[in-house]
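One structure is given below, encoded as structure tokens.
The values are calculated or read from the model by the stated rules, or taken from the named source; none is laboratory data. Please read these numbers as outputs of a predicted model, since none were measured by experiment. We place every Cβ from the backbone using ideal geometry, glycine too, and count neighbours over all the protein chains shown. The protein model used for the area step is the full one, side chains on, heavy atoms only, and it has no ligands, DNA or RNA in it. Shrake-Rupley method; radii C 1.70, N 1.55, O 1.52, S 1.80 Å.
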Amino acid sequence: KETLRMNLGEKPNLTPKYKLCTYSHYVVISETVALASVIGRNKAKKSKGVEAVYVKPRKWTELHPPLSLGDRYAYVTATGRSRKVAKKNAINAATKIKFIISYPV
């Protein structure tokens, strides 16, 4: 809406509508393993303050410790009234995501 106003030469309303803090917590793996399955995604989605849950790898994908930003295998984005609460909500939800692994790769 505000972008449209700017393009029409009008002054946009830049007053924030919401005052929520947001925090994203990423899930990585500490060793090279084969992924058998992922559980807890729905529990994480239903956790307090959670806005988004994303799990990247599919079954039987080889996972390894992070070498780049692309090696983050899942994330949870949550909100809260303060930064501390948003972080707590995201970490709490992320702990519900479990990678069931198979050895060796």
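Every condition in (1) open to solvent by less than 100 Å² (accessible area, probe 1.4 Å); (2) touching a helix residue (DSSP H, G or I) at 6+ places or on another chain (Cβ under 7 Å); (3) of a type outside the set (Ser, Thr, Tyr) is met by Lys48 except one, and the failing one is (1).
Restricting attention to the range 51-74 and to residues that are over 19 Å from Ala36 (Cα atoms) and either touching a strand residue (DSSP E or B) at 6+ places or on another chain (Cβ under 6 Å) or touching a residue at least 60 places away in the same chain (Cβ under 8 Å) (or both), the residue that is surrounded by the fewest Cβ atoms within 10 Å (Cβ to Cβ) turns out to be Ala52.
Of the residues making up the range 29-45, just one is under 11 Å from Phe99 (Cα atoms), open to solvent by 70 Å² or more (accessible area, probe 1.4 Å) and free of Cβ contacts under 8 Å to residues at least 60 places away in the same chain, namely Arg41.
Scanning the range 87-99 finds no residues that are within 30 Å of Tyr18 (Cβ to Cβ), assigned to a strand (DSSP E or B) and open to solvent by 40 Å² or more (accessible area, probe 1.4 Å).
Could you check how many residues of the range 36-50 are out of contact with any strand residue (DSSP E or B) (no Cβ under 7 Å at 6 or more places or on another chain), of a type in the set (Gly, Ala, Ser) and not in a loop (DSSP other than H, G, I, E, B)?
Matching residues across the range 36-50 total 0.
The single residue among Thr79, Thr22 that is touching a residue at least 12 places away in the same chain (Cβ under 8 Å), open to solvent by 80 Å² or more (accessible area, probe 1.4 Å) and part of a strand (DSSP E or B) turns out to be Thr22. In summary, Glu10 fulfils each of the numbered conditions (1) within 15 Å of the chain's Cα centre (by Cα); (2) of a type in the set (D, E, K, R); (3) not in a strand (DSSP E or B) with the single exception of condition (1). Considering the range 58-76, the residues that are in a strand (DSSP E or B) and at pLDDT below 95 include one that is nearest to Lys96 (Cα to Cα), namely Leu63.
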